Amino acid sequence: MDLPFPPPGQAPDSADATLQRWGVGEQPDPAAMAASLTQLIDSETPPPTGMATLIRHIHERYHHVLSGVIEDALTLASVCEAAHGASEAWPHGLSDLVAEILDDLEQHQQREYAVVFPMLLAGSAGTSGVAGIMTDEHARLRCRLDALTAMTRQFTAPPGACVKWRVLYVLCCKIDLDLREQMRMEENELFSPFLRHPTEAVVCSDTMSATR
């Protein structure tokens, strides 16, 4: 069953273009920078009701937005690692971790678009097993986010950090907040009505493997 929207994705961008996209320059006014970056932390509104409407909301508010934010964070992490890799304050391996989060999330969302969301919309048999597999993948993503929080010292850049470093940590904070909220919404609003039956797990695991 085809969904009425394509999977998200965008081309890599330069670090300067990334800063401009978030309304930040190389030497920003502190008040202007604070005003721009606080807009990243959106105030959440109650999710819509209805399976199809909720899936579209998750796509537009989380899947599409998160992919772009993670790609921007990866761009800045790569630039900062090249510039500050010799510093003891730099969290070595951060760009690799952000890349792993992006890869895990893209594969996870690909399976949602190819298998999970169509099954939910069609009310197909075996949905509970698929929901269980998705929550297992969420657990792995949460471990990645825990590592991101620890590696960035709870998203706190060191004194004297350059603007790219500071914006990178704000983006990492947004990744953490948005991805956790997306997973919470999927589990509580989409998957919770379905109880995983042990015999469904094997069948659904084979189905999901075909999308890897």
Task: Those residues of the stretch 107-162 which are at pLDDT below 95, outside any helix (DSSP H, G or I) and either of a type in the set (Val, Ile, Thr) or touching a strand residue (DSSP E or B) at 6+ places or on another chain (Cβ under 7 Å) (or both), in sequence order - done: 156
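Among the residues of the stretch 32-87, count how many are among the aliphatic types (A, V, I, L, M), in a helix (DSSP H, G or I) and either closer than 30 Å to residue 120 by Cα or at pLDDT below 85 (or both). Don't jump to the end; show me each part of the working.
We begin by selecting, within the stretch 32-87, every residue among the aliphatic types (A, V, I, L, M); these are 32-35, 37, 40-41, 51-52, 54-55, 58, 65-66, 69-70, 73-74, 76-77, 79, 82-83, 86.
Still in the running and in a helix (DSSP H, G or I): 32-35, 37, 51-52, 54-55, 58, 65-66, 69-70, 73-74, 76-77, 79, 82-83.
Cutting the leftovers down to either closer than 30 Å to residue 120 by Cα or at pLDDT below 85 (or both) gives us 32-35, 37, 51-52, 54-55, 58, 65-66, 69-70.
Looking only at that region, the number is 14.
Among the residues of the stretch 98-132, which ones are of a type in the set (D, E, K, R) and closer than 19 Å to residue 174 by Cβ? Let's see the steps before the verdict.
Here is the first cut: in the stretch 98-132, the ones of a type in the set (D, E, K, R) are 100, 103-104, 106, 111-112.
If the condition is that a residue be of a type in the set (D, E, K, R) and closer than 19 Å to residue 174 by Cβ, then 100, 103, 104, 106 are the ones that fit.
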Task: Residue selected from the stretch 146-195 under the condition under 18 Å from residue 96 (Cβ atoms) and of a type in the set (Ser, Thr, Tyr), by the criterion surrounded by the most Cβ atoms within 10 Å (Cβ to Cβ) - done: 169
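The values are calculated or read from the model by the stated rules, or taken from the named source; none is laboratory data. Here the structure is a predicted model, which means the values were calculated and not measured. Note that each Cβ is placed from the backbone with ideal geometry, even for glycine, and that neighbours are counted across all protein chains shown.
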